Amino acid sequence: MDLETLKIFEAVAAELSVTRAATRLGRAPSNVTTRIQQLEAELDAELFIRLGKRITLSTAGQRFLTYAQRLLALEDEARQAVGAGSGGSLRIGSMESTAASRLPAPLAAFNRAHPATRLEVSTGPSGPLVEEVRDGRLDCAFVALPAELENEKALTEMGLQSAPVWEESLLLLLPPADAGATTPAELITRTRTRILAAFKPGCTYRAMAEQRLGIVAGSEWRIQELGSYHAMVAAVSAGACVTLLPRSVLDLSGVSDDLTTLEMGTVTTRLLWRRGYETPAFQAFAEQFLGDA
């Protein structure tokens, strides 16, 4: 097993196509197929399930992909640490809200100051982002830490550390029918069923909303899972639900004056990274954001 084989495996796992992976890598499809077969023989495991011309990752392949990504990330980190890279790269994770309302300007500024550094940005809920940083699939991430990780000891035990970047004011966005509500207990919504629009489990804001609205199994609340804040604001505008979101996101939404809000406290957005991760690219990145904190 060598790093080049791991890169081939990662490409096939991403494309789920030998032909597309070969094009991406600039290799012949037969070469890619041979390298994958050699890797499977070495591991004594079937990494892909082949159904005619279609392939999917097997259970073993899914497990191995995590390790392959970590090894490749470690190689990239090592190259940057000894100056073998040209500017290096950074894989940055972010909550959807932060990516929309906070990151565009500072990322553009960083790119102007460090044009040789390649930035890759992906979004997701805080829970999965924490795991991706821990596993080495991301180099750093902007997250709202879950309650169980809001102390330095818990993060240290996971090999992580963080620093505050922004303080977000949280608002509960209400539909027109609930304009007069002054507490969550007064909410009705048009359907007479209390509905919270939120991301899938793993989102810290969702967990906070559930806690502050008293949403538990068997309660009168139900959750409508949506994939973006635009969809959530639209659902609230339609009178079907409420949603919890940062004021910074609401300011970008251009919502109707018919929608009112309830103050729901504040939460800190933090930059999270692995302990000991000190590549030149990340140090420059952290200095820009933490210097502005």
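Of note:
- Odd one out for residue 206, checked against (1) of a type in the set (D, E, K, R); (2) surrounded by fewer than 19 Cβ atoms within 10 Å (Cβ to Cβ); (3) assigned by TED's automatic domain parsing to the domain that holds residue 261: (2)
- When each of 45, 60, 13 is tested for being at pLDDT 90 or above, farther than 19 Å from residue 137 by Cβ and in the same structural domain as residue 73 (by TED's automatic domain parsing), the lone residue that passes is 45.
- Scanning segment 138-161 for residues that are small (Gly, Ala, Ser) and surrounded by 21 or more Cβ atoms within 10 Å (Cβ to Cβ) yields 141, 144.
- The test for being surrounded by fewer than 21 Cβ atoms within 10 Å (Cβ to Cβ), more than 20 Å from residue 278 (Cα to Cα) and among the β-branched types (Val, Ile, Thr) holds for residue 123.
- First in segment 1-29 and surrounded by 18 or more Cβ atoms within 10 Å (Cβ to Cβ), second anywhere and basic (Lys, Arg) and assigned to a helix (DSSP H, G or I), Cβ under 7 Å, 6 or more apart: 8/35; 11/24
- Among the residues here, residue 109 does not qualify as surrounded by fewer than 18 Cβ atoms within 10 Å (Cβ to Cβ) and free of Cβ contacts under 8 Å to residues at least 40 places away in the same chain.
- Spans of helices (runs of 4 or more DSSP H) in segment 181-293 with at least 2 residues more than 18 Å from the chain's Cα centre (by Cα) and more than 17 Å from residue 166 (Cβ to Cβ): 204-213, 229-237, 280-291
- Summed over segment 12-35, residues that are part of a helix (DSSP H, G or I) and farther than 16 Å from residue 67 by Cβ total 16.
The values are calculated or read from the model by the stated rules, or taken from the named source; none is laboratory data. Every value quoted in this text rests on a predicted model; they were computed, and no experiment measured them. Every residue, glycine among them, receives a Cβ derived from its backbone with ideal geometry; neighbour counts consider all protein chains shown.
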